[in-house]
1. Quickly work out the ARG212-to-GLU192 label distance, labels modelled 7 Å from Cα along the C-beta direction, and quote it in nm with one decimal.
2. Antiparallel as a % of all DSSP beta bridges within the range 127-231, to the nearest 5?
3. Label points 7 Å out from Cα along the Cβ direction at GLU147 and ARG88: separation in nm?
4. Stick to Cα atoms and the Kirkwood definition of Rh, then tell me Rg/Rh for the chain.
5. Please calculate how many Å² of accessible area the range 157-254 carries per residue, with a 1.4 Å probe and no DNA, RNA or ligand atoms counted.
6. Output the peptides 174-183, 152-161, 240-249, 197-206 sorted from most to least packed, where packing is the average of other Cβ atoms within 10 Å over each peptide's residues.
7. I want the antiparallel fraction of DSSP beta bridges within the chain, as a percent rounded to 5.
8. Within the range 17-48, name every residue whose backbone N is under 14 Å away from a label modeled 7 Å from Cα of ASN64 along the Cβ vector.
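The values are calculated or read from the model by the stated rules, or taken from the named source; none is laboratory data. All values derive from a computational prediction rather than experimental measurement. Backbone-built Cβ (ideal geometry, glycine too); neighbour counts: all protein chains shown. For the accessible areas, the whole protein counts, side chains as well, though only heavy atoms, and no ligand, DNA or RNA atoms are used. Shrake-Rupley method; radii C 1.70, N 1.55, O 1.52, S 1.80 Å.
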Amino acid sequence: MSAAGMAGERLMDAVAIHNSYGELPVLRGVDLGVSRGECVCVVGPSGSGKSTFLRCLNLLETINSGRVLFEGRDIVAAGRKDATLIRRRIGMVFQNFELFGHLSALDNVALAPIHVKGEAPARARERAEHLLAKVHLPTKADAFPDELSGGQQQRVAIARALAMEPALMLYDEPTSALDPETVGEVLQVMGELAAEGMTSIVVTHEMGFARRAANRVVFMDGGVVVHEAPPDSFFDRAADKPERLTRFLGRLDH
């Protein structure tokens, strides 16, 4: 569980988020907030709207109605320029790495600080080296993505997100595209960041990670938040829970 726990000030609040694909509703009024230093894991069956919700928080999906308050400012209502500046403070790690294949690991990490923030190249590359060491890849700075395992590529992607010095990290099922033997190395880095107090929202199927690292676990189904609780209570099979969550947890045993 993250060192900062749930005592920090509120960083982000999603309020009554609705999203649809054509006539098909995907999100039906999702409310969810995260405080500074908190790690929130969002779980649920496939098709429940988890990834769509996460992408709405960074305006990568259309929000039909609702508000996303980040540090007190409504990203949805902000103009394009202001929204872009706010989004720089939100890191995003995708399922499929999204690295530039023609750039080394170090250059992938240094690229955005140089071209988006205007950071001096020497400084950006120095920080990139530090961040690659932080994700346990100190010897891979010159390696290209096709020379790295999936787990290594995903750790480079985490370092790349950290290079923008985000206040919040969003992880969209970051281990779903990985071989089983590389999942643990990515979860280890994510757990270390959470323990250091990095505020994060993690969409995941990795229940062990949610038990260990989360301050709060949120269950989504049918485009709504059905239940949320601290991990001990969430995974306690004896505790009183909504039937949909009980069925979901029951399937994990099979």
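1. Result for the modelled spin labels: 1.3 nm.
2. Here the antiparallel bridges make up roughly 55 percent for the range 127-231.
3. Each label point lies 7 Å from its Cα, and together they span 3.1 nm.
4. When Rh is taken as the Kirkwood radius, the ratio is 0.97.
5. On a per-residue basis, the range 157-254 sits at 41 Å².
6. Put in order of decreasing packing, that is 152-161, 197-206, 174-183, 240-249.
7. Around 55 percent antiparallel, to the nearest 5.
8. 17-30
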